[in-house]
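One structure is given below, encoded as structure tokens.
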Amino acid sequence: MATDNRINFWRRNTKVPGRYPKDPKPKFNNLKSKKACSFHEFACSTNDAWDIDDEEDDNFCGTPFPTSFTPSGQDSTLSVHSQKLQHETGETERVLPHILTPPRNDGHNPVDDGSECEGVNGKFVKSSSDADISTSSVRASLQKQQSLPVRPIIPLVARISDQNASGAPPMTVREKTRLDKFKQLLASPNTDLEELRKHSWSGIPREVRPITWRLLSGYLPANKERRELVLKRKREEYFGFIEQYYHSRTDEHYKDTYRQIHIDIPRTNPLIPLFQQPAVQEVFERILFIWAIRHPASGYVQGINDLVTPFFVVFLSEFVTEDVENFDVAALPLETQRNIEADSFWCMSKLLDGIQDNYTFAQPGIQNKVKALEELVSRIDVDIHNHFKKYEVEYLQFAFRWMNNLLMRELPLRCTIRLWDTYQAEAEGFSHFHLYVCAAFLIEWRREILCMVDFQ
């Protein structure tokens, strides 16, 4: 009964964010095309958003999947990759070691499905033991597995310089085709923003991320000829604000605002050397102070300082090929530093325009979003909701920071940048889609949550 109620609720709610449809006719099953009408369908349509081999790219590579391939919402990364490895020919791809390596179980063979594991160059590769498969096909499969270079496992705190969608600097064939598609879209006289959002949803290549973020945020126009003029005008406008207002930071009316900004800046990503550089901290102080006095309804609120960092890192990466987190920003030409600062200010302003009620008096936007999250979880996973009620856990206690900082305190900066690719591809990514991401976090770790009795 609870499941029926949840499904009926989401069928009434027609606006559920998710993946852009590639084609009005599904390629992987015979179901009729329809919009996502339940949270389960939303989860199924987005379960591979972090997959390095998104199926949108198959159109670029020209390698269609067979119609019998129908991944479900519960399919693991292993099954998705194994299907691709069996049907894609002539294309070398990297895969994570844990995809090829079976789990260990105290020396006993954990495989119970009739397959066996063979060693190839020190790696375990899963091969089929079915009698009807010929020796030549097995040998061909193993040779293909043997030719695949191995991706390193990304640590929990990954380098922020590794910003491409795959997580490793070397570019695969698939990534190259995606990059070419982005360059083709960006080079057109009038960029198709809807098409750009469609491809950005699954991650933006590092090489084109700065220009793509400027376009998706609304900072730059779609018309290519106007972009340079707009950039020049907006950058001059920002530094006009600096000349006009920044000296007032010591005035009686603004000194408390500036003091709070000055205190919060060193706390911004304290473990990353980039943000402890005096030149960078001065940039952040100017950006935040100018934004605060130009938006008196909210002014500066703790948490806004975090929202500058993704833009700053992305725009800095446009001029830095080495490790960004240890790069000395003062070594850049002054004009380049000024351009990065101005672009970061305007893109952050565009973001905050959509969620400013999060930071006005009493922060009603956050209050409403936390209530919406509570209602959402109560309908899609009543067990978690009841568990919170049983142990008197209020959603506001843990979700306030999720809304205030957009999960930036919970995720490494590299993951935040990747997540914001999708947020900017959504029409209401930061205000609406973010709610679903927070719900997905709770569902992903539901087992651990349900085992907890002490939430202190």
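The values are calculated or read from the model by the stated rules, or taken from the named source; none is laboratory data. This one's a predicted model, so the numbers in the text were calculated from it and none came from an experiment. Quick reminder, even Gly has a Cβ in these numbers, built from the backbone with ideal geometry, and neighbours come from all protein chains shown. Heads up: the accessible areas ignore ligands, DNA and RNA and are worked out on the full protein's heavy atoms, side chains in. Shrake-Rupley method; radii C 1.70, N 1.55, O 1.52, S 1.80 Å.
Across the stretch 299-442, counting alpha-carbon atoms alone, Rg and Dmax equal 17.5, 58 Å. Rounded to the nearest whole angstrom, the semi-axes of the ellipsoid equivalent to the stretch 364-424, taken from the Cα gyration tensor as √(5λ), stand at 24, 12, 12, largest first. For MET171 and GLU228, a Förster radius of 22 Å and the Cβ-Cβ distance give a FRET efficiency of 0.20, rounded to the nearest 0.05. Kirkwood Rh over Cα pairs of the stretch 389-456 into Stokes-Einstein at 10 °C, 1.306 mPa s: D in µm²/s? Answer, rounded: 120 µm²/s. The order of VAL382, VAL453 by accessible area, most exposed first and with a 1.4 Å probe, is VAL453, VAL382. For the pair GLU318 and LEU271, label points projected 7 Å from Cα toward Cβ lie 3.0 nm apart. Summing charges over neighbours of THR336, with a neighbour being any other residue whose Cβ is under 14 Å away from its Cβ, gives -3 when K and R count +1 and D and E count -1.
For a paramagnetic label modelled on GLU335 (point 7 Å from Cα along Cα→Cβ), amide N atoms under 18 Å away belong, within the stretch 295-323, to 316, 318-320.
Between ASN190 and THR360, residue separation times 0.36 nm minus the direct Cα-Cα distance comes to 57.5 nm. Here's the picture: a label point sits 7 Å out from the Cα of GLU394 along the beta-carbon direction, and within the stretch 429-444 nothing has its amide nitrogen under 11 Å of it. Exceedance of the 31 Å cut-off in Cα-Cα distance is limited, within the set LYS183/LYS232; LYS181/LYS350; LYS183/LYS371, to LYS183/LYS371.
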